[in-house]
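Each remark here refers to the structure printed beneath this line.
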Amino acid sequence: MIRQYLKLRKTFTVFGILFFLLLLFLIFSKENSGVNQRSFDDNIPKINVQFNDLPKAEKFTKLNIMEEKIVDSNSEDTKRELKEARSRIDQLEKKIAILEGRVPQKYPDVKFLGYKERKRILVTGGAGFVGSHLVDVLMTQGHEVIVVDNFFTGRKRNVEHWFGHRNFEMIHHDIVNPLYVEADEIYHLASPASPPHYMQNPVKTIKTNTLGTINMLGLARRVGAKILIASTSEVYGDPMVHPQPESYWGHVNPIGPRACYDEGKRVAETLAYSYAKQEKVSVRVARIFNTYGPRMHVSDGRVVSNFIMQALQNLTITVYGNGQQTRSFCYVSDLVDGLLALMASSYTLPVNLGNPVENTIQEFAMIIKNQVPGCRSMVAKSAPVEDDPQRRRPDITVAKQHLHWEPKVSLQDGLQRTIDYFKEELSRTTFYNNQTYMNMKSHN
Ligand SMILES: NC(=O)c1ccc[n+]([C@@H]2O[C@H](COP(=O)([O-])OP(=O)(O)OC[C@H]3O[C@@H](n4cnc5c(N)ncnc54)[C@H](O)[C@@H]3O)[C@@H](O)[C@H]2O)c1
């Protein structure tokens, strides 16, 4: 009995030891596998770092191998998606190369200004015709320029020669929405200016000139900036006084096709003087008369662009009405000089800026026809345009007296530069849709 008991105890002890050893083995092997797992995880970032440090070509090879493995193990769909993605990347790379090629390596010369003289100047509508010429002058003077534009009628091409310059910034923004930037001066030019453009969306034109102007005046008040509002000779409507002095209150049809622009600008002026009176904002108001020059939109439907484009293509030059309506045309560099002089002056009432040399539309058609070499265009009359002002010529006594400004560029010189510009525009375009501008009736 005792012997049997001792034998049994020995057997249990042996099994106990074996069980203990098995347990130890299991624990050990589990720990070992945990260590392996951890060290593998720990290695992942190291692998990433090494991969990112690889030269570009090597990375691509690795990626290609990985891609091939994925493709091997995946369906035709994946292959197709990958192919599409590759061709898209190719397209984007080509586009980037073209865009990089368009950014000029060398900028026009810019004056250096110390921090006391250098101003931060906001130009709304700075990618448009007048705005882009103003931007050029401000930049070459050495100021920091911020252009705000929604590209409704403006084009990046007008200011692309400044892209990347440390003094230049471009903001794609619609001024109907508030804008928060810092500025010492604001030139508020944003608004479509040619009749076909402003009539295309009359409600938007009114919003731009009212809400947009409120936003800009509010900004000027907040940051203490001086603001110049680009108004227009259209505030005089179809004038009963000739030539038009600033004291003339105008003759505008408030519900006619031009009202969205004419009345919009009249409200813009009222807003400017309300902010000046109530909020002490420093305002300047320029009543701009017909201006022309390079960078005018080829299809904007204004008389200069219409006539030149028609003459360059030997198409009929269309005169709406009897052709006895008058206009006076100011070259864009003269206008820009006037805007700068007005901003710099202490004169706060509206100022007419335009060229007082007056021509009938009929005469003007002949002047352009004769100045385009080899032009075989006929000049033909067409039905009159509703609410077309019959006489327009600025009285620039105020500008002469307070700004010491008057236009310098002769009609012949200005037209030559403009014709050269349009010639180049035409040669750039292989396809030109005549309908776009031929149907835009206006003598603006
Ligand atoms: N050129 C003229 O003969 C003439 C005559 C009288 C008044 N003006 C005034 O001068 C200013 C400039 O005229 P322009 O001939 O250069 O015209 P434009 O159409 O070439 O330029 C106007 C610019 O304003 C931008 N713009 C329009 N609506 C905008 C909005 N809601 N937000 C942001 N940007 C907007 C356009 O994209 C464009 O770049 C206008 O205010 C116009 O009323 C011009």
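The values are calculated or read from the model by the stated rules, or taken from the named source; none is laboratory data. Note that this is a predicted model, so its numbers are computed, not measured. All Cβ positions, even for glycine, are placed from backbone atoms using ideal geometry, and neighbour counts span all protein chains on display.
Out of the stretch 192-226, which residues are in a loop (DSSP other than H, G, I, E, B), free of Cβ contacts under 8 Å to residues at least 60 places away in the same chain and either aromatic (Phe, Trp, Tyr) or within 11 Å of the ligand (Cβ to nearest atom) (or both)?
Applying the first criterion (in a loop (DSSP other than H, G, I, E, B)) to the stretch 192-226 yields 192-194, 201, 224-225.
Within this subset, residues satisfying the condition of being free of Cβ contacts under 8 Å to residues at least 60 places away in the same chain are 201, 224.
Passing the criteria: only Asn201.
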*For Val110, which of the numbered conditions (1) away from the ligand (no atom under 16 Å from the Cβ); (2) out of contact with any helix residue (DSSP H, G or I) (no Cβ under 7 Å at 6 or more places or on another chain); (3) among the β-branched types (Val, Ile, Thr) fails to hold?*
(2)
*Do we find that Asn314 is of a type in the set (S, T, N, Q), touching a residue at least 24 places away in the same chain (Cβ under 8 Å), out of contact with any helix residue (DSSP H, G or I) (no Cβ under 8 Å at 6 or more places or on another chain) and away from the ligand (no atom under 14 Å from the Cβ) in this structure?*
yes
*From the list Gln310, Gln324, Gln278, pick out the single residue that is within 26 Å of Asp413 (Cα to Cα) and outside any loop (DSSP other than H, G, I, E, B).*
Gln310
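Just name the residue that is farthest from the ligand (Cβ to nearest atom) out of those in the stretch 132-153 that are under 11 Å from the mean Cα position of the chain (by Cα) and surrounded by 15 or more Cβ atoms within 10 Å (Cβ to Cβ). Please lay out each step first, then the result.
First, pick out the residues of the stretch 132-153 that are under 11 Å from the mean Cα position of the chain (by Cα): 132, 146-153.
Restricting the remaining residues to those that are surrounded by 15 or more Cβ atoms within 10 Å (Cβ to Cβ) gives 132, 146-150, 152-153.
On the way: Ser132: 8, Ile146: 13, Val147: 9, Val148: 6, Asp149: 5, Asn150: 4, Phe152: 4, Thr153: 3 Å.
Applying the filter and picking the extreme gives Ile146.
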_It is to be established whether one or more residues within the stretch 365-380 are in contact (Cβ under 8 Å) with a residue 60 or more places away in the chain, part of a strand (DSSP E or B) and within 19 Å of Asn306 (Cβ to Cβ)._
yes
_If Ile229 satisfies all but one of (1) within 9 Å of the ligand (Cβ to nearest atom); (2) part of a helix (DSSP H, G or I), what's the number of the condition it fails?_
(2)
*Residue, nearest to Arg118 (Cα to Cα), within the stretch 171-191, restricted to residues that are within 14 Å of the ligand (Cβ to nearest atom) and aliphatic (A, V, I, L, M)*: Ile186
_Condition check for Glu160: in the same structural domain as His188 (by TED's automatic domain parsing) and closer than 22 Å to Val298 by Cβ_ = yes
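Taking Asp334, is it buried (at least 18 other Cβ atoms within 10 Å of the Cβ), touching a residue at least 60 places away in the same chain (Cβ under 8 Å) and in a helix (DSSP H, G or I)? Explain how you work it out, then say what you get.
Details: buried (at least 18 other Cβ atoms within 10 Å of the Cβ): yes; touching a residue at least 60 places away in the same chain (Cβ under 8 Å): yes; in a helix (DSSP H, G or I): yes.
So Asp334 passes the test.
Scan the stretch 344-351 and tell me whether some residue there is crowded, with 18+ Cβ neighbours inside 10 Å and at pLDDT 95 or above. Walk me through it before giving the result.
Applying the first criterion (crowded, with 18+ Cβ neighbours inside 10 Å) to the stretch 344-351 yields 350-351.
Keeping just the survivors that are at pLDDT 95 or above gives 350-351.
Within the stretch 344-351, one or more residues are crowded, with 18+ Cβ neighbours inside 10 Å and at pLDDT 95 or above.
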*Qualifying position, being crowded, with 21+ Cβ neighbours inside 10 Å, in the same structural domain as Asn158 (by TED's automatic domain parsing), in contact (Cβ under 8 Å) with a residue 24 or more places away in the chain and within 14 Å of the ligand (Cβ to nearest atom), among Val285, Val298*: Val285
*Among the residues of the stretch 154-170, is there at least one that is over 17 Å from the mean Cα position of the chain (by Cα), more than 10 Å from the ligand (Cβ to nearest atom), outside any strand (DSSP E or B) and under 28 Å from Tyr107 (Cα atoms)?*
yes
*Identify the single condition in (1) more than 11 Å from the ligand (Cβ to nearest atom); (2) in a helix (DSSP H, G or I); (3) under 28 Å from Tyr331 (Cβ atoms) that Ile96 does not satisfy, given that it satisfies every other one.*
(3)
